[in-house]
1. Residues that are more than 26 Å from Leu165 (Cβ to Cβ): list the strands (runs of 3 or more DSSP E) wholly contained in the range 389-478 that include at least 2 such residues.
2. Considering Ile321, Ile337, which residue is within 22 Å of the chain's Cα centre (by Cα), modelled with pLDDT of 95 or more and among the aliphatic types (A, V, I, L, M)?
3. Restricting to the range 253-305, count the residues that are β-branched (Val, Ile, Thr), more than 26 Å from the chain's Cα centre (by Cα) and closer than 18 Å to Leu347 by Cα.
4. Filter the strands (runs of 3 or more DSSP E) completely within the range 201-275 down to those with at least 2 residues that are surrounded by 20 or more Cβ atoms within 10 Å (Cβ to Cβ), in contact (Cβ under 8 Å) with a residue 24 or more places away in the chain and of a type in the set (Gly, Ala, Ser).
5. Residue by residue through the range 411-433, note down the ones that are in contact with a strand residue (DSSP E or B) (Cβ under 7 Å, 6 or more places away or on another chain) and farther than 12 Å from Leu400 by Cβ.
6. Could you say which residue among Gly448, Gly459 is assigned by TED's automatic domain parsing to the domain that holds Ile233, farther than 19 Å from Gly270 by Cβ, under 22 Å from the mean Cα position of the chain (by Cα) and at pLDDT 95 or above?
7. Can you pull out every residue in the range 423-443 that is surrounded by 18 or more Cβ atoms within 10 Å (Cβ to Cβ), in contact (Cβ under 8 Å) with a residue 40 or more places away in the chain and not hydrophobic (A, V, I, L, M, F, W, C)?
8. Could you pull out the residue among Asp371, Asp356, Asp375 that is free of Cβ contacts under 8 Å to residues at least 40 places away in the same chain, in the same structural domain as His273 (by TED's automatic domain parsing) and over 25 Å from Thr406 (Cβ atoms)?
Amino acid sequence: MIFKRDFYINGKWVAPAAARDHQVIDPSTEEPCAVISLGDAADTNAAVAAAKAALPGWALIDPAERLACVERILTIYRDRAEDMAQAISLEMGAPIDLARGSQVEAGASHIQNFITAFRDFQFLRPLGPHAPGAMIAMEPVGVVGLITPWNWPMNQVTLKVIPALLAGCTMVLKPSEESPLSSLLFAEIVDAAGVPAGVFNLVNGDGMGVGTQLSTHPDVEMISFTGSTRAGIAISKAAADTLKRVCLELGGKGANLIFADADDKAVQRGVRHCFNNSGQSCNAPTRMLVERSIYDRAVAIARETAEATRVGPASEPGRHIGPVVNKSQYEKIQGLIEKGIAEGARLVAGGPGRPDGLNRGFFVRPTVFADCTPDMTIMREEIFGPVLSIMPFDTEEEALRIANDTPYGLTNYVQTQDGARRNRLARLLKSGMVEMNGQSRGAGSPFGGVKASGRAREGGHWGIEEFLDVKSISGWSD
């Protein structure tokens, strides 16, 4: 059992103001693996006060020194990559090879991409030759509250902490109480990198407690939140009275449009992407829309791919998928699978219950539904598990209409060899991101959506600008 009750406040590990133990559950075994503390208002206030006191010095320090701090963070992060992988695998159930190769690496990649973007970042820039003496200054927002989810812990922590540091903000991080061990380790990394006291603070807690306290705190100028759309709405309302900036990266229900001329691996690639991280990714392509002439073959490939997907404990090496994060998530997914059956979708792989041989742990059978219709619950709600819904389409226009018929707008996917069609659909799909023919987004490109997916833009120079206010200056002296 791991005991990590302290918080990181003002450059020191400090005991919570009041004892509030919280057990972290290993989702592969359903047994407690760690004990942390949940903070209360006294802890939150102490962390915010430390950040507020540190703000003037950090905001005015030479940006090159902030960059040097982040470069040291990256070096130490890489040195501790195995420790980080073990923490993530234990706390949220990512298979250890996925934790090493994707979960930890996502954090390292984001840090490196921010370093690259920052090297030519201009905090003071002329408005343009048409306006002599007019300047634009980019200035840190101030003290920021960062609230991160459990599904990709270091992906989200680095997408928030690193640009906030580079922008000159000070911060309080509240990681998910479901996956706190990786963030506690990240705090150790920040401390070892020599980030000045008070610039980075960490208080564990739940959404109703520390999350709400940060969202309503008068000395917090901005909240950056990643999580469910429901929670994002609640945070926006809580933050309204203090007129905070609110940056939200929320849920998704991505459509994957597969045309008859798609490459041979398009369906298999789409299924695996949907199931990756046990389906616990907001940008997962969970709605597969297939041109009717290849529909039956696509359903057969999806079934074969699902049936070949192994499920097993997070501690085992291999390319299997692990459990989902907790009991409530498991039960939600089971309910939605049952709903799909009840509403008439054709179950072609998986289904309710645990996979054979796994009687304990929050394991979900890789599940594929076919013959879905746009009004079905499984086509409209974010399931956040290894569940794929497939339906046919006849024309490009119909596929586009179905893809855009969702409250969400995070990532959509297109599979076709027709370049003009790809370009056309990339512009017409209502989402913050479009990935085509299996090509990932470019390094340093922004991650974020529209509509109920929020409108954050995290990554690269866009991610740094999220933490900056724009000041217009006239009469600047050369």
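The values are calculated or read from the model by the stated rules, or taken from the named source; none is laboratory data. Here the structure is a predicted model, which means the values were calculated and not measured. For neighbour counting, all protein chains shown are included, and Cβ atoms are generated from backbone atoms with ideal geometry for every residue, glycine included.
1. Where strands (runs of 3 or more DSSP E) fall fully within the range 389-478 and carry at least 2 residues being more than 26 Å from Leu165 (Cβ to Cβ), they are 411-415, 433-436.
2. Ile321
3. Within the range 253-305, residues that are β-branched (Val, Ile, Thr), more than 26 Å from the chain's Cα centre (by Cα) and closer than 18 Å to Leu347 by Cα number 3.
4. In the range 201-275, there are no strands (runs of 3 or more DSSP E) which contain 2 or more residues that are surrounded by 20 or more Cβ atoms within 10 Å (Cβ to Cβ), in contact (Cβ under 8 Å) with a residue 24 or more places away in the chain and of a type in the set (Gly, Ala, Ser).
5. Of everything in the range 411-433, those that are in contact with a strand residue (DSSP E or B) (Cβ under 7 Å, 6 or more places away or on another chain) and farther than 12 Å from Leu400 by Cβ turn out to be Thr411, Tyr413, Gln415, Arg422, Met433.
6. Gly459
7. The one that is surrounded by 18 or more Cβ atoms within 10 Å (Cβ to Cβ), in contact (Cβ under 8 Å) with a residue 40 or more places away in the chain and not hydrophobic (A, V, I, L, M, F, W, C): Ser431.
8. Asp356
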